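Report on one structure; see the data block that follows.
Computed from the coordinates by the stated procedures, all read-outs in this text should not be read as laboratory data. Computed from a predicted structure; not experimentally measured. Here Cβ is always computed from backbone atoms with ideal geometry, including for glycine, and neighbour counts include all displayed protein chains.
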Amino acid sequence: MKLYNSKFYHRDLSWLRFNHRVLQEATDKRNPLYERIKFLAIFSSNLDEFFRVRVSDIRQIKSLKKPLRKKLITKPNKVLKEIKKQVHKQQEEFGHIFKNEIIPDLEKEGIVLIDYHAFTDSQKQIAKTYFEEQLKPLLDLENSFHKNPESIFVENEASYLTTLSNGELQLVKIPDSEPRFFTFPTKNGKHFTTFIDDILKYNLGENHPEDEVTYYALKISRDAELYIEDEFSGNLMNKIKNSLPKRDKGQPTRVLIDKRMPEEFQEVLKEALDVYNADLVMGGRHHNFKDFFAFPNPTEKDLSFKKLEPLPHPILSSTENIFDAIDKKDQLLHYPYQQFDSVINLVENAAEDATVTTIKMTLYRLADESRLNTAIAKAANNGKEVIVFIEIKARFDEQNNLKWGNIFKKNGATVIYSYPDIKVHSKILYIERVVNDKKKRYAYISTGNFNEKTAELYTDYGLLTAHKKITKDLNKVFLVLQKVTIVPKTKRLLVSPYTTRNKLEKLVNAEIEHAKNGNKAYIILKMNSLQDKSMIEYLYKASNAGVQIKLIVRGICSLVPGIKNQSENIEIISILDRFLEHGRVYIFGNGGDEKIYIGSADWMTRNLTHRIEVLTPIYDKDVHKTLRDLIEIQLSDNTKARIIDAEQKNEYVDNSKKKVRAQYATYEYFENKL
């Protein structure tokens, strides 16, 4: 199957090309060794979620009647076949990088990763002791043998060792309560580390003295969808809560096995797990490489990135009253280069400020424990009107979001949970104060979640403003979430699914008209994903009219650039580095009066049509200039930027200009503002 046609690159195959860029980082020796190892873990974790979410979606489409199926996806079987082919190719590359680059580089640092075949006599004894004292009590060895393989159940995303001996299938779950790696005592200046899988293999093999038994790695990814049949009746929150335990029992979407496993054994497994050849993915001797996030460094060497401490905001970090600073002018925040503390301080101050009467906010992915969440609860406890919308359909964060919803409620907040058939993905905060008998409104509109942890890893923008029309518009959005009104009749904000698509189309059409009239016309877009076919068609139309279009797309990109009479005026890059690019910035030339918008919406059908998203215009000249400067830095990257061409080959931008690594240049940019 061809990965793309002349118009659209398949979204799921494009995502695999994004994950290939992650894999490139693992082989890039400009990254410290342990960061390269982390990129292998990220690649593995990404792929797990891809199979649990996207592959399961495609399989569900297969079960639909053909007329409806054709509207959703063309030839799902062929797509699944191509996915398997591309994943196999990437897994081979993964194995090559790990075996031929990472392991030798670890050995140069005195860290030797060994399997049980290489255990010395003293290491065997240590491995036996560790097994007997730490691992064996966690294993259910008596019930690990199955004469009737159809009775077995394999937990979702857990790692197993399995063997076939004397007609019985043995299935041993690798304990996830123990560290995945074990480090032996240092010998001759070398640090010997092994997977606990190998400690298990060695000791389990000792239980079969009469014959040599080989244990193979096994892992299953299961469908992560909750499949709530009717979101419109009854209590949606309770339905989601009751459905969460079912997720670990979903249909297998990938069975990852050791490629050395004999075909006879594979047949037994397929029958036992009720899966087919298409479900089997060949891997190495060890699975769950996401555990490499915690790979031990027994040396005293610094083998990771030098920490870039988030910088204080030049105004907000030193102001006595954050509301006064916002009253004077709009303030832009850019994480993780600047401290997220400014947002936390805003909510903490609002919780204590006697002039604050109301706090409204949307929460999509909450941190497990955080100052921000505590401040929200405290504001409610202090008698403020606190209205919190919590999206409990945020996949894999449902349980934590429910937990915090209960805490907010207990402290007196009004908590509104998910609505049927639509997700609230906007990242917005609204505060009302009464000062000298006058109502004052404040707004925070961001591209990223209210989450301290992700604010250290994701690059996001946040606008703090007291602009009367923007703050009035934002309250209208919350009134819809509160079910006070049905449609937010906003005049400045772009709000999905109501006005975003239509306004973006008008902005693109305006550039087309400028180009037709012989004026300078350009569009610069930075986003996570570009998939919506209608918006892509608009960009093609603009390109054909002579509009110069530059795109920065981190992930999925279904637009095919560089095609004559279609997209020859469109250039695309993708930046992947130590931080995850997550911001959305949309720039339109507008005949010389340039317009910029930031917010939560990507150019994907789900963001424009099926989610509540908010984009805000930028009116402050200083904020406008800062955003423009930051985008120019990204467009100049010739170190970590990849060219997204028609085939998405992921070639690095390589030119003779001065070397620019955008994320480091951005940090320096904010350093120079202090």
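The distance separating the Cα centre of the range 583-643 from that of the range 353-432 comes to 27 Å. Distance from the C-alpha centroid of the range 651-674 to that of the range 436-500: 31 Å, rounded to the whole angstrom. With respect to the chain, whose longest principal axis is taken over its alpha-carbon atoms, helix 11-27 is tilted by about 70°.
What does the charge add up to near Glu511, with Lys and Arg as +1, Asp and Glu as -1, over the other residues with Cβ less than 13 Å from its Cβ?
Value of the local net charge: +2.
Taking every C-alpha pair closer than 8 Å and separated by at least 6 residues, the mean separation divided by the residue count of the range 496-671 gives a relative contact order of 22 percent. Couplings 3J(HN,Hα) of the range 252-261, computed from phi: x, 10, 7, 10, 8, 10, 5, 5, 7, 4 Hz, in residue order, whole Hz [Karplus 6.51 cos²θ - 1.76 cosθ + 1.60, θ = phi - 60°; x for Gly and Pro]. Projecting the Cα atoms of Phe478, Ile390, Ala413 onto the charge dipole of the range 322-487, computed from C-beta unit charges around the Cα centre, puts Phe478 farthest toward the positive end. Taking the charge dipole of the chain about its Cα centre, with +1 at Lys and Arg Cβ atoms and -1 at Asp and Glu Cβ atoms, the residue from Ile257, Ser159, Leu539 reaching farthest to the positive side is Leu539. Its Cα centre serving as origin, the range 428-469 has a Cβ charge dipole (Lys and Arg +1, Asp and Glu -1) of approximately 420 debye. Quick check: the distance between the Cα centres of the range 512-547 and the range 20-37, to the nearest angstrom? Centre-to-centre (Cα) distance: 34 Å. Working value for the chain: equivalent-ellipsoid semi-axes of 45, 29, 27 Å, each the square root of 5 times a Cα gyration tensor eigenvalue, largest first. Remark on Glu452: its backbone amide H falls under 5 Å from those of Ala367, a criterion applied only to residues 5 or more positions apart or on other chains, H modelled at 1.01 Å from N.
Phi-derived couplings, Karplus 6.51 cos²θ - 1.76 cosθ + 1.60 at θ = phi - 60°, listed residue by residue for the range 354-367: 5, 7, 7, 10, 9, 10, 10, 7, 10, 10, 10, 10, 8, 6 Hz, with x used for Gly and Pro.
Placing R0 at 25 angstrom, the Cβ-Cβ distance between Thr129 and Lys89 gives a FRET efficiency of 0.05 after rounding to 0.05. Taking every C-alpha pair closer than 8 Å and separated by at least 6 residues, the mean separation divided by the residue count of the chain gives a relative contact order of 12 percent. Between Tyr9 and Leu559, Val560, the built amide H atoms are under 5 Å apart, and every one of these is 5 or more places off in sequence or on another chain. Under a model in which nothing but the beta-carbon of Lys, Arg (+1) and Asp, Glu (-1) is charged, the chain shows a dipole of about 3240 debye around its Cα centre. Working note: Cα atoms of the range 322-487, range along each principal axis, descending, whole Å: 43, 38, 31. In degrees from 0 to 90, rounded to the nearest 10, what is the angle of the helix 621-635 Cα long axis to the longest principal axis of the chain? Here the helix axis deviates by roughly 40 degrees. The Cβ shell under 11 Å around Val386 holds other residues with a net charge of +3, Lys and Arg each +1, Asp and Glu each -1. Close amide H partners of Leu113, meaning residues 5 or more places away or on another chain with modelled amide H under 5 Å apart, are Thr193.
Residue exposure proxy: Thr214, Thr355, ordered by other Cβ atoms within 10 angstrom of their Cβ from fewest to most, comes out as Thr355, Thr214.
Going from the fewest other Cβ atoms within 10 Å to the most, the residues Glu511, Glu92, Glu271, Glu432 appear in the order Glu271, Glu92, Glu432, Glu511. Only bridges with both residues in the range 322-487 count here: give the DSSP antiparallel percent, nearest 5. Beta bridges within the range 322-487, antiparallel portion: roughly 75 percent. Using a Förster radius of 45 Å, what is the FRET efficiency between Leu138 and Ile315 based on their Cβ-Cβ separation? Nearest 0.05, please. For R0 = 45 Å, the calculated efficiency reads 0.25. Legend: Rg and Dmax of the range 496-671, from Cα coordinates, 15.6, 46 Å. How many percent of DSSP beta bridges within the chain run antiparallel, rounded to 5? Rounded to the nearest five, the antiparallel share is 65 percent. By DSSP, the beta bridges lying fully in the range 496-671 are antiparallel in about 60 percent of cases.
Near Asp620, once Lys and Arg are set to +1 and Asp and Glu to -1 for all other residues with Cβ below 10 Å from its Cβ, the sum equals +1. In order along the range 101-118, the Karplus-derived 3J(HN,Hα) couplings, from 6.51 cos²θ - 1.76 cosθ + 1.60 at θ = phi - 60°, round to 10, 5, 4, x, 5, 5, 5, 5, 8, x, 10, 10, 8, 10, 9, 5, 5, 9 Hz, and Gly and Pro are given as x. The calculated FRET efficiency for the pair Lys649 and Asn565, based on their C-beta separation and a Förster distance of 22 Å, comes to about 0.50.
Please arrange Leu218, Leu80 by counting, for each residue, the other beta carbons lying within 10 Å of its beta carbon, fewest first.
With the fewest neighbours first, Leu218, Leu80 line up as Leu80, Leu218.
So what's the back-of-envelope 222 nm ellipticity for the chain, counting only DSSP H runs of four-plus at -39500 (n - 2.57) apiece and dividing by all residues, rounded to 500? That calculation yields -10500 deg cm²/dmol at 222 nm.
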